[in-house]
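First comes the structure, then the notes that go with it.
The values are calculated or read from the model by the stated rules, or taken from the named source; none is laboratory data. Being a predicted model, the structure only gives us computed values, none of them experimental. Virtual Cβ from ideal backbone geometry, glycine too; neighbours counted across all protein chains shown.
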Amino acid sequence: MSQPTLDDKYYKRCGVMCNLITNEFKNDEFDFMKNSETLQVEVVINKKWKIPLPPDYSWDEIQKNIENIITNFNKNCVSCFKETGTNIACPECSSCLCGECYIDSLRRNKGIISCPECKYSIGEIVPDENIDMYITHIKNTLNRNSDTCPCGGC
């Protein structure tokens, strides 16, 4: 699998977006990190939700996604409807999946995660033998962002 590349212009734009986010949403806590696989900058909102900053998203789209997450702070998973400790937000519509449903989607679709709400898909098909490696990485990432695993089954 080849690594995606993003240019300096993308990272400079992300720096501007990060400043806009922290200035616009002063009552919330944000962390910014680079995803080692996609190389995209991700926004961690209130230590609970993570959304990417795609290169083609406008400020309005990013702002809308963050507002949706903050407004629906205690939102349940859109797939299993359980309340979870850590959710993963769809970059398109901000609907939230719990870790278990996110992993189930990845496994079922062989590396592609699909939002049950808007049908947005992200990822790429990977060989069956690599799925467990992806799942382990996701579980480790989710565990770093919460005190206990949000999936309940990890």
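Tell me which residues, restricted to the range 117-131, are touching a helix residue (DSSP H, G or I) at 6+ places or on another chain (Cβ under 8 Å) and assigned to a loop (DSSP other than H, G, I, E, B).
We begin by selecting, within the range 117-131, every residue touching a helix residue (DSSP H, G or I) at 6+ places or on another chain (Cβ under 8 Å); these are 123, 126, 131.
Of everything in the range 117-131, just one residue is touching a helix residue (DSSP H, G or I) at 6+ places or on another chain (Cβ under 8 Å) and assigned to a loop (DSSP other than H, G, I, E, B), namely VAL126.
The residues listed here are ASP128, ASP104, ASP60; of these, the one that is buried (at least 18 other Cβ atoms within 10 Å of the Cβ) and modelled with pLDDT of 85 or more is ASP104.
Across the range 100-116, what is the number of residues that are touching a strand residue (DSSP E or B) at 6+ places or on another chain (Cβ under 7 Å) and either under 20 Å from GLN40 (Cα atoms) or in a strand (DSSP E or B) (or both)? Walk me through it before giving the result.
Step one: list which residues in the range 100-116 are touching a strand residue (DSSP E or B) at 6+ places or on another chain (Cβ under 7 Å), which gives 102, 105-106, 111-114.
Remaining after also requiring either under 20 Å from GLN40 (Cα atoms) or in a strand (DSSP E or B) (or both): 102, 106, 111-114.
The total comes to 6.
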